[in-house]
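The values are calculated or read from the model by the stated rules, or taken from the named source; none is laboratory data. Since the model is a prediction, treat every value here as computed from it, not as a measurement. Every residue, glycine as well, gets a Cβ built from its backbone with ideal geometry; the counts of neighbours run over all protein chains shown. When the accessible area is computed, the model is the full protein with side chains, heavy atoms only, and any ligands, DNA or RNA have been set aside. Shrake-Rupley method; radii C 1.70, N 1.55, O 1.52, S 1.80 Å.
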Amino acid sequence: MADQPQLARRYEALLRNSTEVVAILDANGTITYMSPAAQRVFGYTPDAMTGVPGFDFIHPDDRAEAAAAFRGCVAEGSARCLLRARHADGSWRWIEETMVNCTDEPAIGGIVVNNRDVTDRRLAEDRLAARTAQQSAVAWLGMLALETPDRDEFVRAALEVVVTALDVVHAIVFEATDDAEWVRVRASSPELERMCAGDLVRRESVAMTSYILDTGESVTVDDRRVETRFPWSKLARAWSFVSAIGAPIVANGRCHGVLALHHRQARAFTADDRSFVESVAHLLGWVNERAAYEEETRHRSLHDAATGLPNRELFCDRLDQAIVRAKRRKLPSAVLSIGLDRFQVINDSIGHANGDLVLVEVARRLEGCVRASDTVGRLSGDQFILLCEELRTPERAARIAEKIMARLSEPLVIAKREISLSASIGIAMVPASSSAEQLISEADAAMHRAKRRGHGGYELVDEALRDRAVLRLELEEGLRHAVERGELRVHYQPVVDLGCGSPVGVEALVRWQHPHQGLVAPSSFIPLAEETGLIVPMGRWVLAEACRTVAGWNRRRGDLPPLDVAVNLSTRQLADPDLVEVVAATLDETGLPAELLCLEITESFLMQSPDRGSEVLGALHRLGVRICVDDFGTGYSSLLYLRSFPVDSLKVDRIFVAGLGRNAEDTAIVRGVIALAHSLGLQVIAEGVEDRGQVEDLRALSCDLGQGFHWARPLPAGKVEALLGVRAEPARVAAS
Ligand code: C2E
Ligand code: CA
Ligand code: CA
């Protein structure tokens, strides 16, 4: 057992060597004892602290909490708290305090406070929290980079994130420009932009950025007063920046920008801080790369690869704008369509690669013939296009055409061969009323006419208009004689009973066997025939031909029930006063029973002239002929409206049939039409049936008849007979 003095020495040594500082405070909080470890933890000698109020050493923000703990200890015997205490060097240490009330202990007579320095742990925790925050900021920015197509928006977000995460005063993105002397400020505070006078700054005034651009390395500057790698630039000094951190922005392997952060106090930036800034810079680089790629793709999609000239899409876009300007300024522009003559021959003889060189040279020469504000584009192989703005008169456009022809005819040497070029040019003046596409096609038509007239000339579109009228006259003239010359044909498309699947009739569809153009579809000539009234004699011929053919088939169908025939009537035919008489005579001459003829009319006729409609349809009905409303659903008539006319059947237009099962609205329309038609006693035919699914849908909806490519296309009589159960004619059997 040790004696008293020995024990005292031992405690003294324990207290001196303890990692904790032990203090005794009186009831007022004044320090009455301080263990020797105070020197190590707080930097003060125990004597210097003794007799001083303990609060004097506590961080102002933590005093309230410390006071509460102290009161709690006095009342309840013990307490704990965490606070910052001042070190003699001016820094703050994080201290964990445990207090025990030993006032009643005679040997102590006060509050014993154990102080444990937890600063290192706190800093580690702070660093961890900062790193986590930075990592999640980078992750968030990464997602933003993927989601935000707008580069500037991303740059702004990135700057905001780094400023907040690192708690610095300022962040900025600099970008290298083509001029080595200058860098561009991509996003920053408005104040800085004001100081820079625009978005360009001299490289020398941003020394750190310049250093990073040169070395491609990121840098941290904890305190500019000890920085040696580069001078602290004027701009940074003007802004009283003291510390900074910067990282290179790399895209496509090239350092082309810098992300720089500045602070007004000295800072001990950590390795984490630096790698955080590098990560954000990396994302900026990635976004730039993507933007550059998109820009390139866009450029490529709007430019011709061989010559780099705007392509059709871009040219049309510019032309559309020019049309608007021409309207506003009342100054016409011109579109010149330039076709190289015999370019295919040149291309074949010198090879495609050299051919491309020729095109490049042509592009260059064309550009040389016009003002910089004009647009030269390339439409296709040997076809260029020009937009010349504010020309005032067609004569000026003609002068440009002459200049181009002269320039293109100058000798050109490619692959050691002298090539002579010539071009044919079509000129369209830009009025406010037309569209880009229309102007281009008019200029094109004029160019092709110039070509036909002989190479190396130009033509104006007014002549094109004249020519279009000529073409129309030619067509009309041809159509006029088509009936007499026997150039019309009738094709037949079977109409099938959806219940049993067998053909019950045909629709007659006219064709024109044009002497030069081959078989012409009705859509190309029926409108003109209607306009000119030629549809009346044509229609008569079709009616007679169809009735005769089907009557003949019915004689050769043995025991099978007779087929009926549907013939289309246009509005113009219905207006023909002789129509009923002609139909009666035709049935008479061909021997086709009236009930086997079905005349197809459109809703529009009934809507336009209901009186005439009632009259003529009534008369036809009295003959025994049936009436079908064609293209039902495309007009505006309702079924109930049709009820007042003697109509026997409806043909559901093929656009609704096409939507069956695919489009809910179309399906509903077909279902509704069939149900209502049936309730009015009308038969329903579905046209344009192209697949089995549609057949099944129509069957499920109780549609009566169907017609379409699924069964057969419209075919010449000789080719459709077999499908219709028509026995071959004896004469044909003998011939085969
Ligand atoms: P329309 O009366 O609606 O004739 C049906 C059109 O649909 C025909 O075109 C036919 O070939 C086409 N078609 C038939 N099945 C299908 C299919 O499954 N899918 C698709 N996509 N189309 C199909 P076509 O023969 O070119 O006739 C066009 C239009 O010309 C006719 O439409 C009709 O309005 C008119 N037309 C034809 N012949 C005459 C005629 O002799 N006189 C009059 N006035 N007009 C006629
Ligand atoms: Ca029809
Ligand atoms: Ca139709």
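Figures for the structure shown
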| read-out | value |
| --- | --- |
| Residue in region 146-155 that is part of a helix (DSSP H, G or I), of a type outside the set (Ser, Thr, Tyr), surrounded by 15 or more Cβ atoms within 10 Å (Cβ to Cβ) and modelled with pLDDT under 90 present | yes |
| Leading residue by the ranking (surrounded by the most Cβ atoms within 10 Å (Cβ to Cβ)) among those in region 593-617 that are closer than 16 Å to Asp564 by Cα and within 16 Å of ligand 1 (Cβ to nearest atom) | Leu597 |
| The listed residue being closer than 21 Å to Ala157 by Cβ, of a type in the set (A, V, I, L, M), in contact with a helix residue (DSSP H, G or I) (Cβ under 9 Å, 6 or more places away or on another chain) and open to solvent by 20 Å² or more (accessible area, probe 1.4 Å), out of Val277, Val258, Val250 | Val250 |
| Residue pairs meeting the criteria (Cβ under 6 Å; at least 6 apart or on separate chains; first on the phi < 0 side of the Ramachandran plot, in region 544-567; second open to solvent by 20 Å² or more (accessible area, probe 1.4 Å) and of a type in the set (Lys, Arg)) | Arg556/Arg727 |
| Residue list for region 157-179, filter: over 19 Å from Ala244 (Cα atoms) and not in a strand (DSSP E or B) | Ala157, Thr177, Asp178, Asp179 |
| Every pair of residues 6+ apart whose Cβ atoms lie under 7 Å, when the first sits in region 115-136 and is open to solvent by 90 Å² or more (accessible area, probe 1.4 Å) while the second is assigned to a helix (DSSP H, G or I) | Arg127/Asp272; Arg131/Asp272 |
| Selected residue (criterion: most open to solvent (accessible area, probe 1.4 Å)) from residues of region 70-99 that are under 26 Å from Thr45 (Cβ atoms) and in contact with a Cys (Cβ under 7 Å, 6 or more places away or on another chain) | Glu97 |
| Conditions (1) modelled with pLDDT under 90; (2) within 36 Å of the chain's Cα centre (by Cα); (3) farther than 29 Å from Ala398 by Cα; number of the one not met by Asp348 | (2) |
| In region 514-527, the residues that are within 12 Å of ligand 1 (Cβ to nearest atom) and either in contact (Cβ under 8 Å) with a residue 40 or more places away in the chain or open to solvent by less than 30 Å² (accessible area, probe 1.4 Å) (or both) | Val520, Phe525, Ile526 |
| Within region 619-654, tally of residues that are more than 14 Å from ligand 2 (Cβ to nearest atom), outside any loop (DSSP other than H, G, I, E, B) and at pLDDT below 90 | 4 |
| Candidate set: region 34-59, residues that are more than 14 Å from Asp89 (Cα to Cα) and of a type in the set (S, T, N, Q); chosen: the one least open to solvent (accessible area, probe 1.4 Å) | Ser35 |
| Residue ID - nearest to ligand 3 (Cβ to nearest atom), chosen from residues in region 584-604 that are in a helix (DSSP H, G or I) and small (Gly, Ala, Ser) | Ser604 |
| Selection count, region 678-689, where residues are within 15 Å of ligand 3 (Cβ to nearest atom) and crowded, with 20+ Cβ neighbours inside 10 Å | 5 |
| Output for region 479-507, where each listed residue is surrounded by 14 or more Cβ atoms within 10 Å (Cβ to Cβ), more than 16 Å from ligand 3 (Cβ to nearest atom) and under 25 Å from Arg548 (Cβ atoms) | Leu479, Arg480, Ala482, Val483, Glu487, Leu488, Arg489, Val490, Pro503, Val504 |
| Neighbours by Cβ (under 9 Å, 6+ apart or cross-chain): first from region 594-617, without any contact (Cβ under 8 Å) to a residue 40 or more places away in the chain and under 18 Å from Gln683 (Cα atoms); second acidic (Asp, Glu) and away from ligand 3 (no atom under 14 Å from the Cβ) | Glu595/Asp564 |
| Extreme residue, nearest to ligand 3 (Cβ to nearest atom), among residues of region 618-632 that are in contact with a Leu (Cβ under 8 Å, 6 or more places away or on another chain) and open to solvent by 20 Å² or more (accessible area, probe 1.4 Å) | Arg626 |
| Flag for Asn347 being part of a helix (DSSP H, G or I), under 22 Å from Ile414 (Cβ atoms) and either in contact with a strand residue (DSSP E or B) (Cβ under 9 Å, 6 or more places away or on another chain) or charged (D, E, K, R) (or both) | no |
| Odd one out for Thr590 among (1) away from ligand 2 (no atom under 16 Å from the Cβ); (2) crowded, with 18+ Cβ neighbours inside 10 Å; (3) at pLDDT below 95 | (3) |
| Among the candidates Ala675, Ala575, Ala658, Ala668, residue that is surrounded by fewer than 20 Cβ atoms within 10 Å (Cβ to Cβ), within 16 Å of ligand 1 (Cβ to nearest atom) and either under 43 Å from the mean Cα position of the chain (by Cα) or among the basic types (Lys, Arg) (or both) | Ala658 |
| Residue under evaluation Leu159, criteria (1) touching a strand residue (DSSP E or B) at 6+ places or on another chain (Cβ under 7 Å); (2) at pLDDT 90 or above; (3) open to solvent by 40 Å² or more (accessible area, probe 1.4 Å), criterion not met | (3) |
| Residues of region 1-25 classified as among the aliphatic types (A, V, I, L, M) and under 15 Å from Asn114 (Cα atoms), total | 7 |
| Residue satisfying condition, being more than 16 Å from ligand 2 (Cβ to nearest atom), farther than 22 Å from Arg713 by Cβ, touching a strand residue (DSSP E or B) at 6+ places or on another chain (Cβ under 6 Å) and assigned to a helix (DSSP H, G or I), within set Ile669, Ile674 | Ile674 |
| Failed condition for Val510, given (1) open to solvent by 40 Å² or more (accessible area, probe 1.4 Å); (2) within 11 Å of ligand 1 (Cβ to nearest atom); (3) assigned to a strand (DSSP E or B) | (1) |
